[in-house]
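Read the structure below first, then the notes.
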Amino acid sequence: MNEEIYYDENSWKKYFSVDLAELYSSIEGLLLLRDEKLLPELTSDSISRLISKSNIYREMLLGGFKANETEPFTENALALFYRDVLGIGLSDEDLQIVIGRLKEGVTLESATEDIYCTEIETPTLKRLRELSSKLKPVFKKLTDIVEVPKPKKYELKTSTIGVEALLDVLNAGKKLLPLYNPFSFFIISVYSVPKFYITQIYTKLFDKEVLSLLGKYGIRIVRLLEPDLPDEKIRSEREIIGLEEDCVGDLIREIILDIYSLFQDEALARFFNIEDEFNKYVKIYSGKLKESMIVDKFRDVIQIITQRAIAWHYYDPEDKCKIQNYEVYYDDYSEISGGQVIIRNSTLSYTKFFAFLAPQMFLGFAYVRPISEKKFKWRCILGWEKK
């Protein structure tokens, strides 16, 4: 990112009052549309009376319905969007009842006289509510300097209003991702990173005025870990610094992961032309990562990580950000002992271990978090070094 941006107050204010506010406004507007307009209206009466009352309701509930037992709807049917994404529609059981009645020759209105909408909590809704639960405290913490955005208003004038509202969320979310937003990149780059590495890139990061500005916006940088050595100067130079837990910056990193998970949502991919933004980011920066490192210097580190740590296919422990073509290695019980790091009974130089992780941590490919003064958990992505 532009080296000067992170200490420009006007740019940070725009990030929160425009970029992040747009996501907040879109999500709150969509949830209000779903919970306070669509759900009450579409569960207020039988399907028969609803579809007789309005073509909008007919399209929302039965758009793409083809009355086939094994495949009740056409691909990308509008009714499937409302059911599988926004969680409002006919249950599978009720669909089979309706289809059976239609095969007996009754009309659609007659077949749905005693059938009502079902409310479903979908994975997409769960993620949207999680995003809302993290965005609200961000603006609450910044209430004195950033105005709380108002939810976007949506009216039930077209059957595709839910699709339009969710598209607004995706567009606002994409603008916040680190590949497109330098402030989001800055936040993931300081989530956890060696002090000796980050100060070479953000040369004014620890200036008093810069720390004060970042702190004003809730981006509080603290010491996370240090080697267990008697020399205070060496300990300070080799600190791992990062975002304070539950500060605004920490919440925004969580928001970024939630946005990535929306772009990996299989239900959304059926209805929107979206890319897997997390793996796109990893692919773009993995090449740059390999170019910037002398991998052979760290073969012993890589060997211990791949032999001792656990591999999985999610970047984050809460099943967010599934990774493709690479593996995530992690250990939740590593320990600092003197100038060494102990990973499941194997030892590595503290400095060498974190020198290997440093550029990955800067890019958001890896992170460490303290469990206690000497114990910590960590994650890193590997596989890029082979390609």
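Taking R0 as 41 Å, what FRET efficiency do you get between Thr118 and Lys280 from their Cβ-Cβ distance, rounded to the nearest 0.05? Calculated value: 0.70. Are there trypsin sites (Lys or Arg not before Pro) in region 118-159 that DSSP puts in a loop and that have at most 10 other Cβ atoms within 10 Å, and which ones? Sites meeting the loop and neighbour criteria: Lys153, Lys157.
The percentage of C-alpha pairs in region 286-387 whose separation is greater than 24 Å is 17%. For region 1-65, the list of GluC sites (Glu not before Pro) that fall in a loop by DSSP and count at most 16 other C-beta atoms within 10 angstrom reads Glu3, Glu4. For Phe73, the residues whose modelled amide H falls within less than 5 Å of its own, excluding neighbours fewer than 5 places apart on the same chain, are Lys66. Of the GluC sites (Glu not before Pro) found in region 267-304, the ones in coil according to DSSP and having at most 16 other Cβ atoms within 10 Å of their Cβ are Glu275.
Measuring r between the beta carbons of Ile5 and Ser133 and using R0 = 35 Å, the FRET efficiency lands at 0.75.
The amide H of Cys321, built 1.01 Å from its N in the peptide plane, has Ser261 as neighbours under 5 Å, considering only residues 5 or more places off or on other chains.
In this rough spin-label picture, where each label sits 7 Å from Cα along the Cβ direction, the Ser17-Ser292 distance is 3.2 nm.
Distance from the Cα centroid of region 182-255 to that of region 29-61 is 49 Å (rounded to whole angstrom). Here the residues Phe206, Phe81, ranked from fewest to most Cβ neighbours within 10 Å of their Cβ, fall in the order Phe206, Phe81. Can you bin region 44-116 into rounded, prolate or oblate? Criterion: square roots of the alpha carbon gyration tensor eigenvalues sorted a ≥ b ≥ c, rounded for a/c under 1.5, prolate for a/b above b/c, oblate for the rest. Oblate. From least to most packed, judged by other beta carbons within 10 angstrom and beginning with the fewest, Trp384, Trp378, Trp312 follow the order Trp312, Trp384, Trp378. In the chain, the calculated helix contribution to ellipticity at 222 nm averages -13500 deg cm²/dmol per residue, counting -39,500 (n - 2.57) for every DSSP H run with n ≥ 4. Here the 3J(HN,Hα) profile of region 349-365, calculated from phi with Karplus coefficients 6.51, -1.76 and 1.60 at θ = phi - 60°, is 4, 4, 5, 5, 4, 7, 5, 5, 6, 3, x, 5, 5, 4, 7, x, 7 Hz, Gly and Pro shown as x.
Residues Leu86, Leu382, Leu251 in ascending order of nearby Cβ atoms (within 10 Å, fewest first): Leu382, Leu251, Leu86. Taking the chain as a Gaussian network, where each spring joins two C-alpha atoms under 10 Å apart, which residue of Ser349, Ser337, Ser292 fluctuates the most? In this elastic network of the chain, the residue with the biggest mean-square fluctuation among Ser349, Ser337, Ser292 is Ser292. Near the amide H of Leu225, within less than 5 Å, lie the amide hydrogens of Ile240, all on another chain or at least 5 residues away, with H placed in the peptide plane. Size of the chain: Rg and Dmax of its alpha carbons, in Å, are 25.1, 87.
Every read-out reported here was derived from the displayed coordinates using simple, explicitly stated rules and does not represent laboratory data. Since we're looking at a predicted model, the values are computed, not measured. So basically every Cβ, Gly included, is an ideal-geometry build from the backbone, and we count neighbours across all protein chains shown.
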